1. Out of everything in region 179-210 that is assigned to a loop (DSSP other than H, G, I, E, B) and in contact with a Cys (Cβ under 7 Å, 6 or more places away or on another chain), what residue ends up being farthest from VAL278 (Cα to Cα)?
2. Scan region 29-45 residue by residue and report those that are assigned to a helix (DSSP H, G or I) and over 18 Å from the mean Cα position of the chain (by Cα).
3. Residues that are surrounded by fewer than 15 Cβ atoms within 10 Å (Cβ to Cβ) and in contact (Cβ under 8 Å) with a residue 12 or more places away in the chain, at least 3 per element: which strands (runs of 3 or more DSSP E) completely within region 259-355 meet that?
4. Suppose we filter region 71-100 for residues that are assigned to a helix (DSSP H, G or I), open to solvent by less than 40 Å² (accessible area, probe 1.4 Å) and over 21 Å from ASN25 (Cα atoms); how many remain?
5. Run VAL176 past the list (1) assigned to a loop (DSSP other than H, G, I, E, B); (2) surrounded by fewer than 24 Cβ atoms within 10 Å (Cβ to Cβ) and report the number of the one that doesn't hold.
6. Please work out if GLY113 is part of a loop (DSSP other than H, G, I, E, B) and farther than 26 Å from ASP336 by Cβ.
7. Would you check if GLY60 is surrounded by 14 or more Cβ atoms within 10 Å (Cβ to Cβ) and at positive phi?
8. Given the residues MET107, MET122, which is the only one that is touching a residue at least 12 places away in the same chain (Cβ under 8 Å) and part of a helix (DSSP H, G or I)?
Amino acid sequence: MKVDGRSYRTIWLKPGHEHVVQVINQLKLPHSFEVTDLSSVHDVCAAIRGMLVRGAGLIGACAAYGMYLAALEAPDADFSTFLLQAGETLKATRPTASNLAWAVDRMLLEVTGAQSPTHARMLAKEAAMAIANEDVAHCERIGSHGLGLISQIAQRKPDQVVNILTHCNAGWLAFVDIGSATAPIYAAHAAGIPVHVWVDETRPRNQGAALTAWELGQQGIPHTLIADNAGGHLMQHGLVDMVLTGADRVSRNGDAANKIGTYLKALAAHDNHIPMVVALPSSTFDFALRNGVANTPIEERDADEVRFVTGQNAHGTLETVRICPPATTARNWGFDVTPARLITHLICERGICAASEAGILALFPEHAGNG
Ligand code: MRU
């Protein structure tokens, strides 16, 4: 997508230095646009854990490049053990998004059968690039399928704006390019459908305010930032036509884990008869998970993310301030799970389906036996 008119992906190999991975540093947005070098699997783990890169698709692609860097670092004599250990360390960085473990396992599979460590390093590079390219292609297809849903709403209200509410950032910053939830929005905008996005601020890390508002602004999509708790009120007053979010892990029965607060939007959407749509590439499905509400691993992060906020002061300097009494304790769950019964549609690269085992397996029949 474009940043100040120039095209970027969120991750790439440094031109002329292909043992270095470059990423957009999301900790700096929206205040400054900076690119950071990752030169080792250790750097990649730190970047994922510290959320310098974040979002399900991107942490998957970043883990894939991390495995490539691990292959470059691995001593010939101990190649496989080194790679397996690097994979375990990467998987432990963040627990909720399926894409991370999926990418590590796929990288390990891609290098099995290599004739030598040198051959494995070459295969690892190709596989990491393929995973990144597939991520882009899948988001593009999600955009085409989702465009159909937005067009249907636009046809029902000619000459009026289609209002879409989104939570967190399932945009191009959360993937390699384009995004999952944003893909249909970008496609509708390109098709000339007037769209407007309500952007939930997404406490405590404010991915909506810092990232979604920034990326929609860069692409020229009309949007308005709202407090997390405003959505229900807007829905009651006819100001939301569709809730469209991403997902970090979707179970076989269609339960969708996404950023904390998504469940409350789904409840409000259900009460107001508004479609609740979840967009995801297939790498976000956990086909082995039968009950997402009960068994999705939910990341709990540092309580200080709730107790403090960081932003730019009037002098343009970043400041972190405490928003509660000094002794107040806090808890900080990163994700919640929206039960399938509250989800109107899933949009994947293969099409649109019901959030149910039957719906999902109709699109992914090769997983019918894997439950
Ligand atoms: O904690 P994050 O920022 O990595 O969370 C991921 C998200 O941005 C959301 O949950 C998103 O909607 C799904 S990721 C495509």
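1. So, considering only residues that are assigned to a loop (DSSP other than H, G, I, E, B) and in contact with a Cys (Cβ under 7 Å, 6 or more places away or on another chain), the one farthest from VAL278 (Cα to Cα) is THR202.
2. VAL41, HIS42, ASP43 - these are the residues of region 29-45 that are assigned to a helix (DSSP H, G or I) and over 18 Å from the mean Cα position of the chain (by Cα).
3. Correct list: 318-322.
4. Residues in region 71-100 being assigned to a helix (DSSP H, G or I), open to solvent by less than 40 Å² (accessible area, probe 1.4 Å) and over 21 Å from ASN25 (Cα atoms): 6 in total.
5. The one condition VAL176 does not meet is (2).
6. Judged against the criteria, GLY113 is a match.
7. no
8. The unique qualifying residue is MET107.
The values are calculated or read from the model by the stated rules, or taken from the named source; none is laboratory data. Here the structure is a predicted model, which means the values were calculated and not measured. For neighbour counting, all protein chains shown are included, and Cβ atoms are generated from backbone atoms with ideal geometry for every residue, glycine included. For accessibility, only protein heavy atoms count, side chains too; no ligands or nucleic acids. Shrake-Rupley method; radii C 1.70, N 1.55, O 1.52, S 1.80 Å.
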